[in-house]
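All remarks here apply to the structure that follows.
The values are calculated or read from the model by the stated rules, or taken from the named source; none is laboratory data. Bear in mind that the values here come from a model prediction, so they are computed numbers and not experimental data. Here the Cβ is made from the backbone with ideal geometry for all residues, glycine too, and neighbour counts use every protein chain on show.
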Amino acid sequence: MPRLAALAVAAGARGVVCAAAEAPAVRAAVGPDPLLVVPGIRPAGADAGDQARVATPRAALAAGADRLVVGRPITTAADPAAAARATVREATTA
């Protein structure tokens with residue numbers, strides 16, 4: 001993945017999508033400027049569902065993610081707004 005990310009950036013991509021586990025190696029390959037978009041974000045303790053490579057918001061940010069993709073933990077929640085706020089809190093508190 002890091003090699004492909006570097007090729008994409010060299011070809012003009014302003015960012016890449018990668019799993020949180022790959023983010024440190026991708027960041028090393030592409031440098032500090034391109035955006036790293038990380039899907040598969042699940043709040044701590046949430047079910048992974050059908051996702052194979054999930055990460056908590058905090059773990060993904062610590063790995064180098066610039067943007068997080070959070071889908072079903074918010075869209076399927078009984079209160080999506082509250083779920084979104086909780087995810088942001090989890091990502092931004094120490």
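Quick look at the numbers
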read-out	value
So Arg3, is it surrounded by fewer than 16 Cβ atoms within 10 Å (Cβ to Cβ), at pLDDT below 95, in contact with a helix residue (DSSP H, G or I) (Cβ under 9 Å, 6 or more places away or on another chain) and of a type in the set (D, E, K, R)	yes
Extreme residue, surrounded by the most Cβ atoms within 10 Å (Cβ to Cβ), among residues of region 62-94 that are under 15 Å from the mean Cα position of the chain (by Cα) and assigned to a loop (DSSP other than H, G, I, E, B)	Ala65
Condition check for Thr87: among the hydroxyl-bearing types (Ser, Thr, Tyr) and touching a residue at least 40 places away in the same chain (Cβ under 8 Å)	yes
Residue check, Ala82 small (Gly, Ala, Ser) and out of contact with any helix residue (DSSP H, G or I) (no Cβ under 6 Å at 6 or more places or on another chain)	yes
Residue in region 43-61 that is at positive phi and surrounded by 16 or more Cβ atoms within 10 Å (Cβ to Cβ) present	no
Qualifying residue in region 14-28 (condition: on the phi < 0 side of the Ramachandran plot, in a loop (DSSP other than H, G, I, E, B) and either crowded, with 16+ Cβ neighbours inside 10 Å or touching a helix residue (DSSP H, G or I) at 6+ places or on another chain (Cβ under 8 Å) (or both))	yes
